[in-house]
């Protein structure tokens, strides 16, 4: 018998490699399922990392990655003094924080409401209707919103019918209203789909907890507050981490569809600004530097959010 406190002797490298090959062979069907995803990540996520070097170069379309002139941190200095870039940062943070405040809580509330419904046709219809917008592209949804928010669109007709306004106006041309349009339309599109993880988590809750609570006289609301939400803590924390880490990555598709010359001052976000500078104006080095800076800040936000949520999960890091 091995003495207490003695170290476990490692197997020789050759034996470990042989064991790994045996395990890999036994798991071949599963490995083949994972392989396409690994190849996709290598091609589209890891190989392009080499191209980040142009953030420190004065790169043009006639250059190669190795022939472009090095300029050090000059592109980052230009970004820090670019008024339009900082305007896009303000818009991004404003829209993203509103989405965090509204869009993060809404799927949780909707998932609990759906979970509390009795199984039957009505519950399935509610789930189907709430999921449906997710499967429509922003091209389709954007076209619908442009029509609904136009001078003669549905929203103006409703407001005039209620006597709130006397004549219609194109709401999408009002820059001051754009943030709310972007936030509420994104919530409408993503809330139903966002309930899936929460519903799956609630489906795994032991029903004896609810039975014991009912015996003790707990109301339905009390059961939700004391049982359902605490037992969803891990998945809520995980979604919070992912949401916070993506604060600087506002929806590019939505912005390109809904943005126009009248609301651009409030609609331009970092992603659309980088897209415009890089592809439309051909300043690839500037766009790469901006994207690299945003990625670094996003990683920092990810780490901070993970540290904060670990305090809510008995110091366990997600």
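Can you bin region 210-318 into rounded, prolate or oblate? Criterion: square roots of the alpha carbon gyration tensor eigenvalues sorted a ≥ b ≥ c, rounded for a/c under 1.5, prolate for a/b above b/c, oblate for the rest.
oblate
Can you give me the C-alpha center-to-center distance between region 109-149 and region 52-83, rounded to a whole angstrom?
44
Under a point spin-label approximation (7 Å from Cα along Cα-to-Cβ), what is the residue 132-residue 256 distance to one decimal in nm?
2.7
Helix-only estimate, please: 222 nm mean residue ellipticity of the chain, summing -39500 (n - 2.57) across DSSP H runs of length 4 or more and dividing by its residues, to the nearest 500. Present the calculation step by step, with values, prior to reporting the outcome.
Working: 16 runs with 189 residues, N = 318.
Result for the chain, helices only: -18500 deg cm²/dmol.
Gain in length, residue 124 to residue 166, computed as 0.36 nm per residue apart minus the alpha-carbon separation, to one decimal in nm?
11.1 nm
Run the numbers on region 73-310 and let me know its relative contact order in percent, using alpha-carbon pairs under 8 Å that are six or more apart. Don't skip to the end; give the middle numbers.
Working: 232 pairs, mean separation 73.0, N = 238.
About 31 percent, as a whole number.
Decide, for region 1-149, between rounded, prolate and oblate: order the square roots of the alpha carbon gyration tensor eigenvalues as a ≥ b ≥ c, take rounded if a/c falls under 1.5, and otherwise choose prolate if a/b is larger than b/c, else oblate.
Oblate.
Relative to the present Cα-Cα distance, how much length would full extension add between residue 31 and residue 264 at 0.36 nm per residue of separation?
Full-extension gain reported as 79.2 nm.
Just to confirm my numbers, what's the Cα centroid distance between region 291-312 and region 212-238 in Å?
Spelled out, the Cα-based centre of one part sits 29 Å from the other.
In percent, what relative contact order does region 5-75 have, based on Cα pairs under 8 Å that are 6 or more apart in sequence?
18
Calculate, for residue 298 and residue 17, the FRET efficiency according to 1/(1 + (r/R0)^6) with r their C-beta to C-beta distance and R0 25 Å; round to the nearest 0.05.
Values: r = 37 Å, r/R0 = 1.49.
Plugging the Cβ-Cβ distance into 1/(1 + (r/R0)^6) gives 0.10.
Apply the a/c threshold of 1.5 to the C-alpha gyration tensor of region 73-310 and tell me whether it is rounded, prolate or oblate.
Judged from the Cα gyration tensor, region 73-310 comes out oblate (a/c at least 1.5, b/c at or above a/b).
Which whole-number percent gives the relative contact order of region 207-299, counting Cα pairs below 8 Å spaced six or more residues apart?
Normalised by residue count, the contact order of region 207-299 is 21 percent.
No lab work stands behind these numbers, since they all come straight from the coordinates. Every value quoted in this text rests on a predicted model; they were computed, and no experiment measured them. A quick note on method: Cβ atoms are made from the backbone with ideal geometry, for glycine too, and the neighbour counts reach across all protein chains shown.
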